[in-house]
Each structure stands twice: as C-alpha cells, then as structure tokens.
Amino acid sequence: QVQLVESGGGVVQAGGSLRLSCAVSRNIFSINVMGWYRQAPGKQRELVAGITSGGSTNYAVAMKGRFTIYRDNAKNTVYLQMNSLKPEDTAIYYCNAEVLDFGPDFAMYWGQGTQVTVSA
C-alpha cells in the first residue's frame, strides 16, 4: 500500500515561516505530479501548489510569491516552503501524489494532513 507521510505543521505568528514535507513510500515505480492542498474549517479543499516530475510548478494566486514547492525525486519527497504566513493561511494541509505502483496506471494518493495555524 502506498503511503504519504506529512510533517512540518505547527503554530506560527503572522509573517513567520514553515516548511512542510511529504514522503512517499519507497515501494513504488515512479511519481508523476505531486502537490499540496489545504482545507480550512467550513471551506472546500483548495489547491496550494503542484509540481511535475520534471520540476514545472503552478501556484494558486494567493500563494504565489510566498510559497515555494519543490521535490527531491531521489527521496520521493515533496516540500512546501511557506514564508510571510498570514492568518488566512490557517488550514489543514494535505499532500497528494500521482503514483505508479508497479501497476498499469497511475493512482492518486493523499497524506493524512498536517495542521498549520497562523496567529495575528
């Protein structure tokens, strides 16, 4: 079973920084797109950032310029560096990855979520 393990969440003051990480289990063949989503209480899950296997990135407008997504393919890990955090960034952040697990097709997997709380 493919598993994604997230870490790096916590409580930070506005203007501070956090780095989230998400490691995918090693028993896989390859990973295509990886990304980060977030969900605040009472709101729908939204895209934060995504990155392809080749390193191409995309960001939601609200995060662009403050957040950076990058990956270490050798470690099957994706990171989200979050700077200049704002209270509205408070949410549970979820990692996801499109994984080829020695099967015929890629499948999408999600991490357990990590809480990010930004205080004013």
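Using a Gaussian network for the chain with springs between C-alpha atoms less than 10 Å apart, which of these wobbles most: GLY50, GLY103, GLY65? Between GLY50, GLY103, GLY65, it is GLY103 that shows the largest mean-square fluctuation. Across VAL11, VAL24, VAL33, mean-square fluctuation computed from a Gaussian network of the chain (C-alpha pairs under 10 Å connected) peaks at VAL11.
In this structure, ALA120 and ASN32 have a Cβ-Cβ separation that, at R0 = 41 Å, corresponds to a calculated FRET efficiency of about 0.60.
Estimate the FRET efficiency between VAL5 and ASP72 by the formula 1/(1 + (r/R0)^6), using the beta-carbon distance for r and 22 Å for R0, to the nearest 0.05. Computed FRET efficiency for VAL5 and ASP72 comes out at 0.95. Cα extents for the chain along the principal axes, largest to smallest and rounded to whole angstrom: 47, 26, 23. The residues of the chain expose on average 54 square angstrom of accessible surface per residue, using a 1.4 Å probe on protein heavy atoms. Taking the 1.4 Å solvent-accessible surface of the chain as the whole, the part contributed by carbon and sulfur is 49%.
The values are calculated or read from the model by the stated rules, or taken from the named source; none is laboratory data. Nothing here was measured: the structure is a model prediction, and the numbers come from that model. Every residue, glycine among them, receives a Cβ derived from its backbone with ideal geometry; neighbour counts consider all protein chains shown. Accessible surface is based on the protein model in full, side chains and every heavy atom, while ligands, DNA and RNA are left aside. Shrake-Rupley method; radii C 1.70, N 1.55, O 1.52, S 1.80 Å.
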